[in-house]
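Read-outs throughout are calculated quantities, based only on the coordinates presented, and are distinct from any laboratory measurement. All values derive from a computational prediction rather than experimental measurement. Counting neighbours? That spans all protein chains shown, and the Cβs are built from the backbone with ideal geometry, glycine included.
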Amino acid sequence: MIGEILTVLLVAALPVSELRGAIPVAIGVYGFDPVMAYLVGVLGNVLPVPILLKLLGPITAVLRRSGLCDRLLGWLFEHTRRRHSPMIERLGAIALVLFVAVPLPATGAWTGALIAHVFGIPFKYALPLIALGVCIAGILVTLATLGVIHLFL
């Protein structure tokens with residue numbers, strides 16, 4: 001059982017699969033109880049967030065030492081802030097929570113951490129907002145997984 005839990009934690013922590021992969025694997029492959037699948041999946045998905053939030057600043061600073069990377073990152077940050085800042089200002093914190101909560105490709109904890117970095121959301125606000133989004137996404141993915149499994153039983 002420990003190996004299965006570690007596998008689900010790892011799948012949840014990976015940037016491509018996150019909860020969308022971990023919870024179906026936990027329930028469908030390993031036969032976890034839905035509550036256990038949810039808890040392990042959410043924990044695994046939240047584990048990399050503090051590390052990401054702490055490391056994105058220093059990584060960006062190192063990359064910006066290169067002229068090409070500096071121009072690219074400068075353009076990316078400016079373009080993103082200019083284009084999406086009105087939505088962030090209008091919706092505030094709820095925008096980050098909702099973005100992370102929608103269990104679709106290119107959304108989730110990893111992208112949420114990147115968004116928090118780009119928009120300069122401080123760690124003490126970003127971490128709980130992203131964690132809340134992950135909790136909501138976990139509920140949605142668990143319910144969807146159970147619904148799909150019941151269609152085939």
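Observations
- Filtered residue count, the range 25-45, keeping only those that are within 13 Å of residue 132 (Cα to Cα) and surrounded by 19 or more Cβ atoms within 10 Å (Cβ to Cβ): 2
- Per-region count, the range 55-69, residues part of a helix (DSSP H, G or I), surrounded by fewer than 13 Cβ atoms within 10 Å (Cβ to Cβ) and not hydrophobic (A, V, I, L, M, F, W, C): 3
- For the range 103-130, the set of residues classified as more than 15 Å from residue 12 (Cα to Cα) and β-branched (Val, Ile, Thr) consists of 115, 118, 121, listed by residue number.
- All of (1) under 16 Å from residue 103 (Cα atoms); (2) in contact (Cβ under 8 Å) with a residue 40 or more places away in the chain hold for residue 34 with one exception: (1).
- The single condition from (1) touching a residue at least 40 places away in the same chain (Cβ under 8 Å); (2) in contact with a His (Cβ under 9 Å, 6 or more places away or on another chain); (3) aliphatic (A, V, I, L, M) that residue 95 fails is (1).
- Sub-8 Å Cβ pairs linking a first residue in the range 101-121 that is farther than 12 Å from residue 19 by Cα and touching a residue at least 40 places away in the same chain (Cβ under 8 Å) to a second residue that is surrounded by fewer than 20 Cβ atoms within 10 Å (Cβ to Cβ) and of a type in the set (Val, Ile, Thr), at least 6 apart or interchain, are 117/60; 118/80, ordered by first then second residue.
- Filter result for residue 9 (touching a Gly at 6+ places or on another chain (Cβ under 8 Å) and aliphatic (A, V, I, L, M)): yes
- Flag for residue 9 being surrounded by 14 or more Cβ atoms within 10 Å (Cβ to Cβ) and either within 18 Å of residue 115 (Cα to Cα) or touching a strand residue (DSSP E or B) at 6+ places or on another chain (Cβ under 9 Å) (or both): no
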